[in-house]
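The values are calculated or read from the model by the stated rules, or taken from the named source; none is laboratory data. Quick caveat: nothing in here was measured; it's all calculated off a predicted structure. Glycine gets a Cβ as well: all are built from the backbone with ideal geometry, and neighbour counts include every protein chain shown. In case anyone asks, the SASA skips ligands and DNA or RNA and just uses the protein heavy atoms, side chains included. Shrake-Rupley method; radii C 1.70, N 1.55, O 1.52, S 1.80 Å.
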Amino acid sequence: AALRWCISGTLCASFLGLGMSIAVLGPTFPTLAANVGKNVSDIYYIFVGRSLGSLGGSVVGGVLLDCMNATLLLAFSMLGTAAGLYVIPWCNQSLILTILMSVIGGSMGILDTGGNVLALYTWGSEAGPHLQALHFSFAAGAFLAPLVAQMDLGSSKSEELSGAEKTKQSVLKSVPTASAASATPALNDHRNESFLWSYIFIGSYILLVSIFFFVLFSKSSSAKDKSKASAHKDKLAKYHWPLVGLLFVFFLFYVGAEVTYGSYVYTHAMVFAEMKESEAAALNSVFWGAFAVCRGAAIFGAAFLSPATMIVLSLVCSAASSTALAFFSHLRAALWAGSAVYGASMATIFPSGIAWIEQYTVVEGKTASLFVVGAALGEMCIPVAVGYLQGRYHHVPVVMYTAFVTSMVTVLLFPAMYKLANWPQQRDSREVSDRETRKTLLSNSRLTEDEEEEEQHVREWNDADFEVVEMNDELKNSLRDTSHRIPGDSPAVQPHLDNALGDPPVVADGSPGRQNGSINWDKSE
């Protein structure tokens with residue numbers, strides 16, 4: 001039990017680092033662009049490289065999870081992420097930066113796939129709260145990363161200003177004709193150092209977590225193999241791959257809608273609701289804040305509610321809030337309330353979906369990798385499509401309509417998945433019921449036949465008994481007739497006849513006699 005809790009705690013710590021690693025790119029993006037000598041708009045491809053790396057890492061991680069120890073695999077993936085974070089701040093070429101981002105994305109894909117699988121291997125049917133804790137840790141890491149970067153920048157803000165002023169004065173004294181632009185590299189270099197410490201901090205944290213994974217591997221090198229062997233004892237569901245395919249599409253639409261709304265609600269609030277920048281930023285914070293709070297609450301809710309119940313509640317709230325956002329987003333109250341409810345409803349679907357399908361089939365590495373790939377494809381494709389459509393149709397709230405359509409798709413997909421997952425069991429139960437009915441009918445028919453045979457035997461025995469009684473009566477009568485026809489018989493014969501006839505002899509004074517006035521043949525002579 002202690003080992004399982006240690007594994008769960010280390011997984012939560014790793015997902016906290018995963019969230020920080022992904023979210024730290026936003027605040028540091030301008031500095032990274034300056035390091036490689038590019039504008040911010042010219043290095044967008046590093047996001048594509050990271051997403052492709054995440055897809056590849058999810059696939060490779062799914063294959064490796066079926067071949068090696070999950071704890072060891074996660075330890076190496078965390079080690080690779082830490083190494084990439086250490087190197088990135090010193091990178092001064094865009095191609096190398098993109099390659100490093102792809103490597104980090106691959107390590108993150110392995111961690112995302114392996115973390116969910118290891119939680120299922122460790123806890124089995126009790127994995128619901130622990131999966132919720134994993135994804136809450138990811139949300140907490142995404143929330144902390146900008147704070148870490150901002151705190152690092154704020155702590156050195158005064159030093160930056162003083163250093164910049166000193167640099168300007170020294171340059172102006174030494175080279176009077178120098179322009180003010182000569183001080184810009186010094187300012188940028190000092191700013192890079194501040195963000196360098198942010199990367200180093202997150203990289204050091206992830207390195208520490210990887211060491212914990214290596215320790216767990218040394219303590220329980222065979223834990224994964226035993227858990228996996230026990231999981232393989234259960235057969236895959238009859239419709240395993242169709243069920244996995246439907247959940248793949250389900251996660252694609254769900255994650256795509258989540259990322260799309262979180263990315264475009266700020267712009268929508270300013271354009272369609274005519275909010276100020278501060279109000280639009282607050283609206284975006286309300287969405288992500290409700291998302292994080294609901295994920296934290298789901299840790300405890302998963303201990304009392306089944307995964308199917310949590311998914312149904314989330315889908316109902318998502319459908320209601322997306323409907324309000326699609327048709328009443330011009331009202332500020334509806335926009336604020338709808339964003340909060342929509343963020344809360346999106347929080348528990350992904351971990352609850354993994355916990356739900358684990359009840360019906362075995363979730364292996366390849367299966368979990370498909371779920372992560374579906375989520376990554378949704379994160380890549382749906383925001384791009386929404387951005388393209390919003391650029392062509394300026395007066396249409398494409399973001400809100402997308403939230404509504406994706407909610408309807410997920411609402412229709414889950415009943416289909418539920419029916420497909422339970423249909424073999426319902427059919428098997430019907431077959432079992434039919435077999436039991438047939439057995440009952442056969443046993444009843446056999447019982448009836450046995451009763452009839454038994455009654456027939458009783459009748460035969462009764463007939464046989466009557467025949468024996470009639471034969472005894474006939475024999476008795478014939479013997480009596482014979483005894484009367486032979487008067488010269490010896491008196492000794494009479495007792496035998498009486499015994500044969502069943503009548504005891506009557507003895508008087510030691511001599512045989514006859515009842516009812518019998519004649520004494522000796523006296524008559």
What residue, among those in region 1-33 that are within 19 Å of Trp197 (Cβ to Cβ) and surrounded by fewer than 17 Cβ atoms within 10 Å (Cβ to Cβ), is farthest from the chain's Cα centre (by Cα)? Pro30
Does any residue of region 2-10 turn out to be farther than 18 Å from Thr113 by Cβ and touching a Pro at 6+ places or on another chain (Cβ under 9 Å)? no
Just to be sure, is Ala229 modelled with pLDDT under 75, open to solvent by less than 60 Å² (accessible area, probe 1.4 Å) and outside any helix (DSSP H, G or I)? no
In region 245-290, residues that are outside any helix (DSSP H, G or I) and open to solvent by 30 Å² or more (accessible area, probe 1.4 Å) total 3
Boolean, Ser278 is over 26 Å from Lys366 (Cα atoms), touching a residue at least 60 places away in the same chain (Cβ under 8 Å) and among the polar types (S, T, N, Q): no
Counting residues that are open to solvent by 60 Å² or more (accessible area, probe 1.4 Å) and within 22 Å of Phe138 (Cα to Cα), which helices (runs of 4 or more DSSP H) fully inside region 311-404 reach at least 2? 365-392
What are the residues in region 61-73 that are free of Cβ contacts under 8 Å to residues at least 60 places away in the same chain and part of a helix (DSSP H, G or I), if any? Leu73
Only one residue in Gly109, Gly84 is under 17 Å from Ile202 (Cβ atoms) and at pLDDT 85 or above. Which one? Gly84
Condition met for Ser204 (of a type outside the set (A, V, I, L, M, F, W, C) and either buried (at least 19 other Cβ atoms within 10 Å of the Cβ) or at pLDDT below 50 (or both)): no
Suppose we filter Leu65, Leu97 for residues that are of a type in the set (A, V, I, L, M) and in contact with an Asp or Glu (Cβ under 8 Å, 6 or more places away or on another chain); which single one remains? Leu65
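Could you pull out the residue among Leu55, Leu97, Leu118, Leu73 that is among the aliphatic types (A, V, I, L, M), within 26 Å of Ala298 (Cα to Cα) and open to solvent by less than 50 Å² (accessible area, probe 1.4 Å)?
It is Leu118.
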Somewhere in region 296-316, is a residue polar (S, T, N, Q), touching a helix residue (DSSP H, G or I) at 6+ places or on another chain (Cβ under 6 Å) and modelled with pLDDT of 90 or more? yes
